[in-house]
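Novice: Sharing a structure, written as structure tokens. Questions coming.
Each reported figure results from applying straightforward, stated rules to the coordinates on display, with no laboratory input. Given the structure is predicted, the values throughout are model-derived calculations rather than measurements. Don't worry about glycine lacking a Cβ; one is built from the backbone with ideal geometry, like all the others, and counts go over all protein chains shown.
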Amino acid sequence: MSSMAANTATTNIHTPISKKIWSNKYCYNAGCIKESGIEETWRRVACAIAKSEPEPSKSSFWTNRFLGILQNFRFLPGGRILAGAGTDKQVTLFNCFVMGRIDDSIGGIFDALRQGAITMQQGGGVGYDFSSLRPKGFPTQRVGATASGPVSFMRIWDTMCETLLSTGTRRGAMMATLRCDHPDIEDFIIAKQEAHALRHFNLSVLISDAFMQAVKNNQSWPLIFPLEQDQYNKTVCKVDAVKLWQKIIRATYDYAEPGVLFSDHINNNNNLYYREHISCTNPCGEIPLPPYGACDLGSINLTSFVSKPFTSSTSLDFDGLGNTVKVAVRFLDNVIDLSHYPLPEQKEQAQGSRRIGLGITGLADMLAMLGVRYGDPSSMKLATRIISTICHTAYRTSIDLARERGVFPYYEKDAFLESRFVQSLPTEIQEDIAKYGIRNSHLIAIAPTGTISLLANNISSGIEPVFDFIQRRRILQEDNSYLEHTLEDYAYRLWKQQYGDMKLPAYFVNSYQVTPEEHVDMQAALQPYVDNAISKTINIPHDYPYEKYRLLYEQAYNLGLKGFTAFRSNPVSKSILQSGTDLPVNKHCCNIEREAD
């Protein structure tokens, strides 16, 4: 099958679930105006994004260029872009936001709640760091009462999200973080172990280098409050660092939550380290963000660049990949100027940093189409070559955009060039940044892409292995009911079209045939070329020993990962995806449905 034939197959195979996803989420329907197919959606989006071009005379040219990367699902913009660009809806084109610091007062808490509700109503998921709230039992001097603690207030957010869902708003997604030295950290760790508790939240513990050192040295660990560096930090108590670490890991082993964010890895490798401190991410973890920061996301569909799949002469079109990246960076930069912002603080932050998150999806299917087993050293080598090509092309494109349009407002030349990530780039890129500046503070993020990958005819999502070649999935409908679908993996379907019932080659593997260590190694192989972060779930067999599981977290830290999420299937933590006929009984943070796309 030629490259053109492979691309045509991607366009023409409209699976039932692809049509359903498009109809429910991305088809513009304004009564008398309704799009007839995905091609009209692509044209609407391309035209809208091209209108942000500073030279109106070039709008038609860029409409065609943008349309060219959207067609055949080569480039998959974030779901908010597909749904909102070029419509009359007052919605944001950003998938998610991290909200501002929560002031430790009733007024401050409910101001933060109000801002979150406004943001979610207009289409954005939200993330909050609850570490600023005083621990349970602390006195509130103004009213002579005692505090109920961060977890109690998180329940109010959860109710707010549920209420918005009941009004017909798109499903909510929220991230909550808490520092590992907050006195209520143990309550936070177990907060979702009660049935139906905080179902609209993902939880992550902020893990510092100091804490990991205390674990290594078997030391005590102080829990302190307040946490601000310019205030006197009161040690509330001391706990055994190893025992606290074990509680976190044991909770994830049994309940798949909380995840962990290695906060010093995040901040020490932040291109804007000189002006911001990050303590939260978007709900799926691929974008660590400062207060009021936003996710401007899009993914390159790697399956679209494979020619002659499943043959001895198969290859990947790196030239086509690079050309798509160039147009996609410009596309996402334009989104920043076109989007509506729920809050003025969000607009200021987005336009000040011009952060974008260009990533990849379909990695596992691409590997199978090329005859490479996911998890083998050759798969890591190829994935690294792909992501380094995307990263370096994106940075060069952003430099060109700076020459054309100017640098991002928060750019400070000397400080930016001293950032760790920038210093890891090829010398010629660093020299060009010094000479011309750069348009975007950050450029690369790998999102889970669950819904938009379904739209693209069920390609494998993000950098995850194929969950299974035939699977069942429940899809949330507009009326909050679920509809069950049986899905075939995209590469598996192509194989059957070419070879019928011939036995699958050994390079076809599902997520549980990839070892947990191979999962971690794949994430680690890509991390050096990702200036934002990577959303990745490490699938763990039910019978995987706890002691080996614990070592995965230490492996992740030692490899420099920014975050780590593991999912061990068990009766408590079930997945929205199922290989057989059993369907999940409850929602969970690691469900693909938790995405905000």
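Novice: Pull up all non-local amide H partners of Ala445: gap of 5 or more, or a different chain, and H-to-H distance under 5 Å with H placed in the peptide plane.
Specialist: Under 5 Å from the amide H of Ala445 lie the amide H atoms of Leu358, Gly359, each far enough along the sequence or on another chain.
Novice: Which whole-Hz couplings ³J(HN,Hα) result when phi for each residue of segment 133-139 is put into the Karplus expression 6.51 cos²θ - 1.76 cosθ + 1.60, θ = phi - 60°, listed in order with x for Gly and Pro?
Specialist: 8, 5, x, 4, x, 6, x
Novice: Show me the ranking of peptides 550-556, 123-129, 181-187 by mean Cβ neighbours inside 10 Å, starting with the highest.
Specialist: Details: 550-556: 18.3, 123-129: 28.0, 181-187: 22.3.
Ranking the peptides 550-556, 123-129, 181-187 by packing returns 123-129, 181-187, 550-556.
Novice: For Arg101 and Asp240, calculate 0.36 nm times their separation in residues minus their Cα-Cα distance, and state this gained length in nm to one decimal. Before the final figure, lay out each step's value.
Specialist: Numbers: separation 139, 0.36 × 139 = 50.04 nm, distance 2.90 nm.
Gain on extension, Arg101 to Asp240, equals 47.1 nm.
Novice: Can you sort Arg403, Arg65 so the residue with the fewest Cβ neighbours within 10 Å comes first? Don't skip to the end; give the middle numbers.
Specialist: On the way: Arg403 14, Arg65 18.
Listed from fewest to most nearby Cβ atoms, that is Arg403, Arg65.
Novice: Take Tyr546, Tyr529 and order them by how many other Cβ atoms sit within 10 Å, fewest up front.
Specialist: Numbers: Tyr546 13, Tyr529 22.
Least crowded to most crowded, the residues run Tyr546, Tyr529.
Novice: Taking 0.36 nm per residue of separation and subtracting the Cα-Cα distance, what length does fully extending Cys32 through Lys51 add?
Specialist: Working: separation 19, 0.36 × 19 = 6.84 nm, distance 2.38 nm.
Between Cys32 and Lys51, full extension yields 4.5 nm more.
Novice: May I ask which residue of Ser36, Gly563, Thr159 lies farthest towards the positive end of the charge dipole of the chain, with charges of +1 (Lys, Arg) and -1 (Asp, Glu) on Cβ and the Cα centre as origin?
Specialist: Ser36
Novice: Please report, in debye to the nearest 20, how large the charge dipole of the chain is about its Cα centre when each Lys and Arg carries +1 at its beta carbon and each Asp and Glu carries -1 there.
Specialist: On the way: 60 positive and 62 negative charges, 138 e Å.
For the chain, the charge dipole is close to 660 debye.
Novice: So if I place +1 on the C-beta of Lys and Arg and -1 on the C-beta of Asp and Glu, and nothing else carries charge, what would the dipole magnitude of segment 321-446 be about its Cα centre? I want it in debye, nearest 20.
Specialist: Details: 15 positive and 14 negative charges, 50 e Å.
So the magnitude is around 240 debye.
Novice: So, one more: Check cross-link reach from Lys238 to the aspartates and glutamates: straight Cα distance under 17 Å, and skip same-chain residues fewer than eight apart.
Specialist: By straight Cα distance, Lys238 reaches Asp181, Asp184, Glu186, Asp187.
Novice: Relative contact order for the chain: what is it in percent, counting Cα pairs under 8 Å that are at least 6 residues apart?
Specialist: Values: 1197 pairs, mean separation 100.0, N = 597.
Relative contact order comes out at 17 percent.
Novice: Which entries in the list Lys25/Lys548; Lys347/Lys381; Lys136/Lys243; Lys20/Lys89; Lys308/Lys381; Lys136/Lys347 go over 32 Å, if you measure between the two C-alpha atoms of each?
Specialist: Working: Lys25/Lys548 41 Å; Lys347/Lys381 39 Å; Lys136/Lys243 21 Å; Lys20/Lys89 21 Å; Lys308/Lys381 21 Å; Lys136/Lys347 35 Å.
Violating the 32 Å Cα-Cα cut-off are Lys25/Lys548; Lys347/Lys381; Lys136/Lys347.
Novice: Whole-Hz Karplus ³J(HN,Hα) for segment 92-102, in order, using 6.51 cos²θ - 1.76 cosθ + 1.60 and θ = phi - 60°, x for Gly and Pro?
Specialist: 7, 9, 9, 5, 8, 9, 9, 8, x, 4, 7
Novice: Another question, then. Specify which labelled value, from (1) 91, 62, 52; (2) 71, 55, 54; (3) 117, 50, 46, agrees with Cα extents along the principal axes in Å derived from the coordinates of the model shown.
Specialist: So the structure-derived entry is (2).
Novice: About the Cα centre of segment 372-430, how large is the charge dipole given +1 on each Lys and Arg Cβ and -1 on each Asp and Glu Cβ? Please answer in debye to the nearest 20.
Specialist: Working: 8 positive and 7 negative charges, 55 e Å.
Here segment 372-430 has a charge dipole of around 260 debye.
Novice: How far is it, in nm, from the label point at Glu40 to the one at Gln555 when both lie 7 Å from their Cα along the line to the Cβ?
Specialist: Label-label distance for Glu40 and Gln555, simple model: 5.0 nm.
Novice: Separate question: Hey, with R₀ at 25 Å, roughly what FRET efficiency would Asp254 and Asp187 work out to, going by the Cβ-Cβ distance, to 0.05? Could the numbers behind the result be given before it?
Specialist: Details: r = 17 Å, r/R0 = 0.66.
So the FRET efficiency works out to roughly 0.90.
Novice: Calculate the FRET efficiency for Arg405 and Ile118 from the Cβ-Cβ distance with a Förster distance of 35 Å, rounded to the nearest 0.05.
Specialist: Values: r = 30 Å, r/R0 = 0.86.
The computed FRET efficiency comes out at 0.70.
Novice: Can you show me the helix-derived [θ] at 222 nm for the chain, built from DSSP H runs with n ≥ 4 at -39,500 (n - 2.57) apiece and divided by the number of residues, rounded to the nearest 500. The partial results should precede the final answer.
Specialist: Working: 22 runs with 240 residues, N = 597.
Helices in the chain give a 222 nm mean residue ellipticity of -12000 deg cm²/dmol.
Novice: Moving to a separate point now. Over segment 325-436, what is the relative contact order in percent, taking alpha-carbon pairs closer than 8 angstrom and at least six residues apart? Provide the component values of the computation, followed by the final result.
Specialist: Working: 62 pairs, mean separation 34.4, N = 112.
31 percent.
Novice: Further, regarding this structure: Give the peptides 383-391, 33-41, 495-503 in descending order of average Cβ contacts within 10 Å, highest first. Before the final figure, lay out the partial values.
Specialist: On the way: 383-391: 19.6, 33-41: 14.1, 495-503: 10.9.
Final packing ranking: 383-391, 33-41, 495-503.
Novice: Hydropathy at least 0.0 by Kyte-Doolittle, axial extent at least 24 angstrom from the Cα trace: which helices of the chain, defined as entire DSSP H runs, fit? Show your work: numbers first, answer last.
Specialist: Numbers: long enough: 150-166 (25 Å, 0.49); 318-338 (30 Å, 0.60); 377-405 (41 Å, -0.19).
Both cut-offs are met by 150-166, 318-338.
Novice: Taking θ as phi - 60°, what are the ³J(HN,Hα) couplings along segment 364-371 by the Karplus curve (6.51, -1.76, 1.60), each to the nearest whole Hz, with x for Gly and Pro?
Specialist: 5, 5, 4, 4, 4, 5, 8, x
Novice: Too long at a 30 Å Cα-Cα cut-off: which of Lys19/Lys496; Lys326/Lys496; Lys51/Lys562?
Specialist: Working: Lys19/Lys496 21 Å; Lys326/Lys496 34 Å; Lys51/Lys562 36 Å.
Result: Lys326/Lys496; Lys51/Lys562 exceed 30 Å.
Novice: Let me ask something else. To the nearest 0.05, how large is the calculated FRET efficiency for Glu348 and Tyr546 if R₀ is 45 Å and r is the Cβ-Cβ distance? Working shown, then result.
Specialist: On the way: r = 46 Å, r/R0 = 1.03.
E(calc), rounded to 0.05, equals 0.45.
Novice: A further question on this structure: Counting only C-alpha contacts under 8 Å and six or more residues apart, can you give the relative contact order of segment 440-546 as a whole percent?
Specialist: Values: 113 pairs, mean separation 35.4, N = 107.
The value is 33 percent.
Novice: Now, a different point. Which is farthest toward the positive dipole end of the chain among Ser131, Ser299, Leu552, measuring Cα position about the Cα centre, with Cβ charges +1 (Lys, Arg) and -1 (Asp, Glu)?
Specialist: Ser299
Novice: Once you put a point 7 Å from the Cα of Lys413 and another 7 Å from the Cα of Thr389, both along the Cβ direction, what distance in nm separates them?
Specialist: 3.4
Novice: Residues with amide H under 5 Å of Val236's amide H, sequence separation 5 or more or different chain, H placed in the peptide plane at 1.01 Å from N; which?
Specialist: Counting only residues 5 or more places away or on other chains, the set is Leu223, Ile224, Phe225.
Novice: Still on this structure, please answer the following. Could you line up Thr146, Thr15 from fewest to most neighbouring Cβ atoms inside 10 Å? Can you show the working numbers first?
Specialist: Details: Thr146 13, Thr15 18.
Fewest-to-most Cβ neighbours within 10 Å comes out as Thr146, Thr15.
Novice: To continue, here is another question. In terms of the Cα gyration tensor, with a ≥ b ≥ c the square roots of its eigenvalues, is segment 230-381 rounded because a/c is under 1.5, prolate because a/b exceeds b/c, or oblate? Kindly include the intermediate steps, with their values, before the conclusion.
Specialist: Values: a/c = 2.99, a/b = 1.36, b/c = 2.19.
Oblate.
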